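Down below is the structure, laid out as structure tokens.
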Amino acid sequence: MSSHTPNPGNHDTTFLSAMARRVLVGDGAMGTMLQAADLTLDDFAGLEGCNEILNDTRPDVLEQIHRAYFEAGADAVETNTFGCNLSNLGDYDIADRIRELSYKGTAIARGVADEMGPSADGTARFVLGSIGPGTKLPSLGHTTFGVIRDAYFECVAGMLDGGADAVLIETSQDLLQVKAAVVAARAAMDELGRRIPIISHVTVETTGTMLLGSEIGAALAAIEPLGVDMIGLNCATGPAEMSEHLRYLSRHARIPVSVMPNAGLPQLGPNGAEYPLQPDELASALSTFVGEFGLAFVGGCCGTTPEHIRQVAAAVAEATKADRDPAHISETSSLYSAVPFDQDASFLVIGERTNSNGSKAFREAMLAEDYQRCLDIAKEQTRDGAHMLDLNVDYVGRDGAADMTALASRFATSSTLPIMLDSTEPEVIRAGLEALGGRCAVNSVNYEDGDGPESRFSRIMSLVVEHGAAVVALTIDEEGQARTADWKIRVAERLIADITGNWGLAEEDIILDTLTFPISTGQEEVRRDGIETIEAIRRLHEAHPDVHFTLGISNISFGLNPAARQVLNSVFLHECVQAGLDTAIVHASKILPMNKIPDEQRDVALDLVYDRRGAAGTRSEGREDYDPLQKLMELFEGVSAASARESRAQELARLPLFERL
Ligand code: THG
């Protein structure tokens, strides 16, 4: 069996254990303290406004600021490294100093923390490595995932060298940027052999979403599976505007929740932004949050001072932290919103048409690089009721990774639906994952070439873990595609045990596909394929209620005419959903509800699915030579899908006015 545990090194969880004992308090703003320090252009080595250079030129100023916050009662201070990233330091032409300035900033804070010693109740003093967003957002195409990931790697390496207790990825505006920073942090920790907690703070604007439009639910869906240790909010607003978003995190996040608000919404004063919230007001708001939402860590952002932190620490010490009982939601997300797998009494519709193998129109648009047309096909599916889109660009002779980058980066901002990345090529999957800020599903892994370290299975699973994706697992093993229910179940059990045991995913992160061949060919060896598939779903769903299931429904009917396919697909889908299927890759507008299919067509399709031939228990009118496949073909001879059913308009026209309305 495969195994992926990278060198976990020395796993330092001191910060997390301290936080489990009592609510910890962070520090306040750095920028305003620096402004008050009367620094000269020389202090900035001529780089006006480059706060990070002070880690080199004026460590004494930073020591004083850290000391002031610790003395005010902070348990943790943030390093002066918010701008230690490619775009910020690049603006000063010192991008090559990311690691050095990050190291120096961390070492300064570390020195003060150690010099202070534990606080009165024996709690250690902590250093959080601050990682700001930079000015270039990958989802908007300002930069790429790979470029910022490599720069964040340098930054975190410096923090590890300097003795940080945790890294704090803060003021995040773009979920793809968060992903790049987390992936980089983990890589740096693996490389240096020391693991420290990762905290993610996103910034929700007064509009109620992150800058690019992400709802808090989308952020949680994408960030928690990355394996971060705490999630929260900072900046942009005061505590009041954060309340509903914190409530959401408190109700649904399985990890601790934290907050570092501004001292209220900034108002424009004679000297620029002024922050109106007084220390006692911030203290009261944050201690209320601790009591209501069970926050584990609180501090301040823009406009907060040591006096704010002194009053926050005092108030929080008196507060009783609420117990949380989070209701986790199994879901994926787009950049904008989360989509739960559980679609109340229905199934999750995965649009099949954004597939260069499955749709001629999509393939031609992609080959012509008519990306607008590709997006139109995506949007048509959204209108037709898809909850998620299967995106497949595999086409012989093309650079699949380049096609995936081109399409996924456009879908990322232009489609509101989560993406299922459909490819057999690890590099194509990677290209998709590095373009999409939301939580994707990866379609798919299987054991066709085993489960060794170089197998496709292992290579794709590494990507799934790295990006916190959900994964579609196909019942294919070294012997081929499983044909019988027993074989499907044997492979499925192996997949579930492997993916949870060796790769650390939960059962709910797995979408099992028990695969079906077309039963429309009439060949004897595929006649039972529908039955075996349904049976496998039924038994696996019983044994693993948290695992999700999917099928490429249209596979069942390849070769039949479109009208017959529509009926067979719809009937087969219905039977699978009864057995426990909760997602399906379909052409959404071509699925008919059972009650819209004429009885005879439905019964013949059912006979075909359940391989009922001859007379007994069928629609055969006593005929021993009855074959539902022949019958279905006869029923649909010369019938087009459009004429096979009433148009919506005709259907509506027939209804009494009141019902029509
Ligand atoms: N399991 C998983 N993923 C899958 C499949 C699966 N992905 C691909 C495929 N199977 C599901 N997607 C499709 C998409 C289109 C069709 C079938 C399956 C299809 N297309 C028509 C045709 O080829 O005749 C339409 C052609 C056109 O419009 O040009 O049938 O099983 N996990």
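Readers should treat all values here as calculations from the given coordinates under stated rules, not as data from a laboratory. Everything quoted here is computed from the prediction, not taken from an experiment. Cβ sites come from the backbone with ideal geometry, for glycine too, and all protein chains shown count toward neighbours.
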Legend entry - Under 17 Å from the Cα of residue 379 - lysines, other chains or at least 8 residues apart: 360, 590
Legend entry - Approximate shape of the range 112-243 as ellipsoid semi-axes (Cα gyration tensor, √5λ), whole Å, largest first: 26, 20, 12
Inset, instruction - Treating only the Cβ atoms of Lys and Arg (+1) and Asp and Glu (-1) as charged, compute the dipole magnitude of the chain about its Cα centre; round to the nearest 20 debye. - result: 1100
Legend entry - Kirkwood-Stokes translational diffusion coefficient of the range 432-518, alpha-carbon pairs, 37 °C, 0.692 mPa s, µm²/s: 251
Inset, instruction - Add +1 for every Lys or Arg and -1 for every Asp or Glu among the other residues with Cβ under 14 Å from the Cβ of residue 371, and state the total. - result: -1
Inset, instruction - Find the Rg to Rh ratio for the range 310-435, where Rh is the Kirkwood radius over alpha-carbon pairs and Rg uses the same atoms. - result: 1.21
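Once the mean 1/r over all distinct Cα pairs of the range 332-373 is inverted, what Kirkwood radius in angstroms do you read off?
Computed over the range 332-373, the radius equals 12.4 Å.
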Inset, instruction - Over the alpha-carbon set of the range 419-460, divide Rg by the Kirkwood Rh and report the Rg/Rh ratio to two decimals. - result: 0.99
Legend entry - Kirkwood Rh in Å, taken over all unlike Cα pairs in the range 211-298: 13.8
Legend entry - the range 486-571: radius of gyration and largest Cα-Cα distance (Dmax), Å: 14.7, 45
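Less than 12 Å Cβ to Cβ from residue 164, Lys/Arg counted +1 and Asp/Glu -1: what total charge do the surrounding residues give?
Cβ neighbours under 12 Å give a net charge of -1.
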Inset, instruction - Calculate the tail of P(r) for the range 205-254: the fraction of all Cα-Cα distances greater than 14 Å, expressed in %. - result: 49
Inset, instruction - Could you give the size of the charge dipole of the range 436-535 about its Cα centre, using +1 on the Cβ of each K and R and -1 on the Cβ of each D and E, expressed in debye and rounded to the nearest 20? - result: 260
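Take every Cα-Cα pair in the chain and report what % of them are more than 44 Å apart.
When all Cα pairs of the chain are counted, 30 percent exceed 44 Å.
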Inset, instruction - Report Rg/Rh for the range 1-139, rounded to two decimals, where Rg is the Cα radius of gyration and Rh the Kirkwood radius. - result: 1.03
Legend entry - Karplus (6.51, -1.76, 1.60) ³J(HN,Hα), θ = phi - 60°, over the range 529-541, in Hz, Gly and Pro reported as x: 4, x, 4, 5, 5, 5, 4, 5, 4, 4, 6, 5, 5
